[in-house]
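Asker: I have a structure here, written as structure tokens, and I will follow up with some questions on it.
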Amino acid sequence: MFAVLKTGGKQYKVQAGDILRVEKLAADAGETVQFNDILMLGGDKPSVGAPFVKGAGVQAEILDQIKGDKVIKFVKRRRKHSSKRTVGHRQKLTLVKITDILPSGADKSGVKAAIGAGSVSGSTVEAAAPNKAPAKKAATKAKPAAAPAAGGDDLKKLSGVGPALEKKLHDAGITTFAQIAAWTDADVADMDEKLSFKGRIEREGWIDQAKELAKG
């Protein structure tokens, strides 16, 4: 039997005993986790999900937390304040070994769900505590133009930053111009990857702007 599972935005066809690298999971080496987003089960009686196969799961043992091959990114800005920048990045990955494929009953197995390290956020907490979600939405509607967090700066002064991007930065712990002004190339690459800015930081020149704004 084989299964097609989804994790980290990618799909993998797996069988018991397979070893594969997936986007980093929030688990330690030696732990057993369970992938619950199963798109298809193959074998004597194939089953295709809509979008997922109900009750199916794939269990795996965490072998190690590793990093992928280094990727070099070169950026050149041909504008008034031209600059060149080379950044190296190694994607964080998790090495897992598939131990079992469950065609049914996965929801009652009691095994820890395989959650991406970048997915352990406020949205995960809200999903686990639905009774608190309405109160949070009500508070947001009551104060749509809330001032910056205490001790923080108005990050919307940066080029291209609106309320949505400002919220992303706040969620990542970035609340002041001084923090952005102190970013290194590695920090820029990490933020670009984590928040899907797609090169916006360098394109808009946030670091230079933040240095000026931090001076007051």
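Just so it is clear, none of the values below were taken in a lab; they were calculated from the coordinates. Predicted, not measured: the structure shown is a model, and the values here were computed from it. As a convention, Cβ positions derive from the backbone with ideal geometry for all residues, glycine included, and neighbour counts pool all protein chains shown.
Asker: For the range 2-118, compute Rg over Rh where Rg is the Cα radius of gyration and Rh is the Kirkwood radius from the inverse mean 1/r over Cα pairs.
Answerer: 1.16
Asker: Taking amide H positions as placed in the peptide plane 1.01 Å from N, state which residues far from residue 153 in sequence (5 or more) or on other chains have amide H under 5 Å from it.
Answerer: 176, 177
Asker: I need to check one value: relative contact order of the range 2-118, counting alpha carbon pairs closer than 8 Å and at least 6 residues apart, in percent.
Answerer: 34
Asker: Which one, 48, 35, 58, projects farthest toward the positive side of the charge dipole computed for the range 30-72 from Cβ point charges (K/R +1, D/E -1)?
Answerer: Of the options given, the answer is 48.
Asker: Moving on. What ranking of 97, 167 emerges when the number of other C-beta atoms within 10 Å of each C-beta is taken as an exposure proxy, fewest first?
Answerer: Fewest-to-most Cβ neighbours within 10 Å comes out as 167, 97.
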